[in-house]
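Notes to accompany the following structure.
The values are calculated or read from the model by the stated rules, or taken from the named source; none is laboratory data. From a predicted model like this one, the values you see are computed outputs, not experimental measurements. So basically every Cβ, Gly included, is an ideal-geometry build from the backbone, and we count neighbours across all protein chains shown. Protein only, heavy atoms only, side chains kept; ligands, DNA and RNA dropped before computing areas. Shrake-Rupley method; radii C 1.70, N 1.55, O 1.52, S 1.80 Å.
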Amino acid sequence: MIPGRVRIAIAIDGPASSGKGTVARFVAARLGYSYVDTGALYRGVGLALMRAGMDPTDAEAATEMASKLAFRFEWREGSLRVAVNGVDESEAIRGEAVGRAASAVAVHPGVRSALLQTQRDLGARGGVVMDGRDIGTVVLPNAQLKVYLDASLDERARRRHAEAPGVALEEVRRQLAARDQQDSGRATAPLKLAEDAEYVDTTGRSVEEVVQQVIALARERGA
Ligand code: DC
């Protein structure tokens, strides 16, 4: 660590495809911090329910599943690996259907509280960039830097479509709007701008520009 600098906690929240994951990963790498993708936890619960043939909208089943799973994050050859109950599920959790199941399980208060301590433990020592929907508002309310990353629905749909061109742009846009509605409209820990968060609109901007802006904000806070 450079003398005089502190290892702060950085919370990055925002809607699906706002660029959170990419920005968070680069910021963490440049600061020498760890990166925690909290969406992976909700995806892990969604995937486990799908495999068990259970319904992600069933609050009781989802809460029981969330409290049974143990997660481990690990860096290997420059990429973040996620193990669920000891099995590497880094690729399996990325699918579109798993994302939808994750958004459905994330509505249940029991699931959110089962995953809360794991997230707080991962952020407790500082030197961390954590991304999700409620990191600045609920998980790490004392984070020294909170960033809310946003982009227009059209731009987010274009980005997602470019990554998975198999689905028509209009359909990708419709799915994203539904996900926004579910993530922002739920009663418990909805996606919203924390009072003390920096709002960063990434529409029409490069990843590098946004990464530099977030690093500058982190430096202002002693990182
Ligand atoms: O960021 P993501 O697309 O991997 O997240 C998948 C779903 O998990 C998202 O639609 C809502 C939920 N989620 C959440 O509710 N809270 C978080 N901190 C992270 C993700």
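Exposed loop sites here are trypsin sites (Lys or Arg not before Pro) in DSSP loop states with at most 16 other C-beta atoms within 10 Å. What is the longest stretch of the chain lacking them? Mind dumping the intermediate values first?
Working: sites that count: Arg5, Arg7, Arg125, Lys192, Arg205, Arg221.
Longest gap between qualifying sites, sites excluded: 8-124.
Work through the residues other than Ser184 whose Cβ is under 13 Å from its Cβ and net out their charges, Lys, Arg +1 and Asp, Glu -1. After counting each charged neighbour, the total is -1.
Percent of accessible area on the chain owned by carbon and sulfur, 1.4 Å probe?
Accessible surface attributable to carbon and sulfur in the chain totals 51 percent.
Heavy atoms of the protein chains alone define the surface here; on that basis the stretch 1-96 has 48 Å² accessible area per residue at 1.4 Å probe size.
Here the chain is assigned +1 on the Cβ of each Lys and Arg and -1 on the Cβ of each Asp and Glu. Its dipole about the Cα centre then comes out at about 460 debye.
Suppose we flag GluC sites (Glu not before Pro) only when DSSP calls them loop and at most 15 other Cβ atoms lie within 10 Å. Which is the longest uninterrupted stretch of the chain? Between exposed loop sites, the widest span is 92-194. Straight-distance candidates among the lysines for linking to Lys20, with alpha-carbon spacing under 18 Å and chain neighbours fewer than 8 residues away dropped: Lys146, Lys192. D by Stokes-Einstein for the stretch 1-85, Kirkwood Rh over Cα pairs, 20 °C, 1.002 mPa s: 143 µm²/s. Counting Lys and Arg as +1 and Asp and Glu as -1 over every other residue whose Cβ lies under 13 Å from the Cβ of Tyr199, the net charge comes to -4.
Of the beta bridges in the chain, as assigned by DSSP with both residues counted there, near 30 percent are antiparallel. Within a Cβ distance under 15 Å of Gly14, other residues only, what is the Lys/Arg minus Asp/Glu net charge? Once positives and negatives cancel, what remains is 0.
Whole number please: convex hull volume per residue of the Cα set in the chain, in Å³? Dividing the Cα hull volume of the chain by its residues yields 121 Å³. Computed over the chain, relative contact order equals 34 percent, with contacts defined as Cα pairs under 8 Å that lie 6+ residues apart.
Across the options Leu217, Val207, Tyr42, the greatest Cα extent toward the positive end of the charge dipole of the chain (unit charges at beta carbon of Lys, Arg, Asp, Glu) belongs to Leu217.
When His108, His161 are compared by accessible area of protein heavy atoms, the largest-first order is His161, His108, using a 1.4 Å probe.
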